[in-house]
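Participant: Dropping the structure in here first, questions after.
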Amino acid sequence: MHLLAAATALPGPAIGNDALAGRLGLSAEWVEMFIGTRTRHFAVDLAGGVGCLLADLCEQAAVRALERAGRTVPDLSFVVLATATPDSLMPTTAAVVADRLGAAGIPAYQLQSGCSGAVQAFTLAEALLAQEPAGSGGGPYGLVLGGDVCAKHLDLEQDFRRMPPAQLVNYVIFGDGAGAAVVSSAPAPGSAAFHGLGNRLALPGQPPGQHVEWYGAADRDSALPPVSEDYKAVECLVPELAQRVCADLLDTLGWSAAELGYLLPPQLGGLMTRRITAALRERLGVEKAVEISCVADTGNTGNALVMSQLEQLLPLLTPGTRALCACVESSRWISAGFALEAS
């Protein structure tokens, strides 16, 4: 499978640490030192009003990606969306976006997953492309989407001074956004080939590092917090799992660390990402690989993160350049990754 183009969409203006900290009654310095994120974008304003839906962002990103790939909606054979925060249970956000784009007569799949979901969506896309006959003008083509709108789960009327750290961290680490990628079974100018796409449950028996609850009419008054994070477990386990993903990819593909031009590490927070990259450089010997990171400016946008990294990466690639991507979903400890090689 080949990546032809990638694009992203972020809601509203960037929210800096001063504005966020002022709303939450926190120290802006604490946010930057503890999380390492400078700005993020929210699909709601800080007063709680709704700004946009996930479908809005996915549609914007899809239009941009198709334009960059030089393709149109009738070229598509399928649409796949990965998200942990759909706009509704039914209809699926994938179907809503496909309908808005006018993608008639093709399937639209939605995968419910966290940060590893975009890699799962690419894995499904690879399998779907393998079933499609090659077109006379290239292709077939598919549209892969990843995005999350996390802000709708956060209660801005809380007394943040009394909130435990496992909940408070979610108000400063996350941002909202969506991304799209156009993929094909055939290469094109400026494209990159996927290798080693995969994901797996990595730590059987390990307690979840994150919970995101769903409240229906019968339980919406539950005392459970909407989102909670075991940040200490994330700090401890994500670097180890990211190292395993990258080492396995290098070994499976027979690539040497010295051949690697770019590294797309897990995007948790600006500070954590820097630590993960430093550990990968030391343990894998990929000192020359350039880090592709976005989280310090976008916040943790979940399934949009990999798309943001790919949007940055593609213009930098020259023929033969190689890159590795690793991501880890802490909810049930799913590690995922892939390699790219420029055509």
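Participant: Scan the range 137-192 for residues that are under 23 Å from the mean Cα position of the chain (by Cα) and among the aromatic types (Phe, Trp, Tyr) and jot them down.
Facilitator: Tyr141, Tyr171, Phe174, listed by residue number.
Participant: How many residues are under 17 Å from the mean Cα position of the chain (by Cα) and either loosely packed, with under 14 Cβ neighbours inside 10 Å or without any contact (Cβ under 8 Å) to a residue 24 or more places away in the chain (or both) when one looks only at the range 14-49?
Facilitator: Adding up the residues that qualify gives 0.
Participant: Which condition does Cys52 not pass, out of (1) in contact with a Leu (Cβ under 8 Å, 6 or more places away or on another chain); (2) modelled with pLDDT under 95, if it passes all the others?
Facilitator: Evaluating Cys52 over (1) in contact with a Leu (Cβ under 8 Å, 6 or more places away or on another chain); (2) modelled with pLDDT under 95 leaves (1) as the failure.
Participant: How many residues are within 17 Å of the chain's Cα centre (by Cα) and hydrophobic (A, V, I, L, M, F, W, C) when one looks only at the range 99-113?
Facilitator: Total satisfying the criteria: 1.
Participant: Taking only the range 235-246 into account, find how many residues are out of contact with any helix residue (DSSP H, G or I) (no Cβ under 6 Å at 6 or more places or on another chain), surrounded by fewer than 21 Cβ atoms within 10 Å (Cβ to Cβ) and in contact (Cβ under 8 Å) with a residue 24 or more places away in the chain.
Facilitator: Result for the range 235-246: 3.
Participant: Same structure, new question: Please specify each residue of the range 302-322 satisfying the condition of being touching a helix residue (DSSP H, G or I) at 6+ places or on another chain (Cβ under 8 Å) and either under 13 Å from Ala192 (Cα atoms) or of a type in the set (Phe, Trp, Tyr) (or both).
Facilitator: Scanning the range 302-322 gives a single hit, Arg322.
Participant: Where residues in the range 175-199 are part of a strand (DSSP E or B) and at pLDDT below 95, which of them is surrounded by the fewest Cβ atoms within 10 Å (Cβ to Cβ)?
Facilitator: That would be Gly198.
Participant: If I ask for residues that are under 21 Å from Ala65 (Cα atoms), of a type in the set (S, T, N, Q) and either buried (at least 20 other Cβ atoms within 10 Å of the Cβ) or assigned by TED's automatic domain parsing to the domain that holds Ala178 (or both), which ones from the range 301-342 would you list?
Facilitator: Matches in the range 301-342: Thr301, Asn303, Ser308, Gln309.
Participant: Ok, one more. Note down all Cβ pairs under 8 Å where the first residue falls in the range 1-13 and is in a loop (DSSP other than H, G, I, E, B), the second is buried (at least 24 other Cβ atoms within 10 Å of the Cβ) and of a type in the set (Phe, Trp, Tyr), and they're at least six residues apart or on different chains.
Facilitator: So the pair list comes out as Met1/Phe122; Pro11/Phe42; Gly12/Phe42.
The values are calculated or read from the model by the stated rules, or taken from the named source; none is laboratory data. In this text the structure is predicted, and so the values were computed from the model without any measurement. Virtual Cβ from ideal backbone geometry, glycine too; neighbours counted across all protein chains shown.
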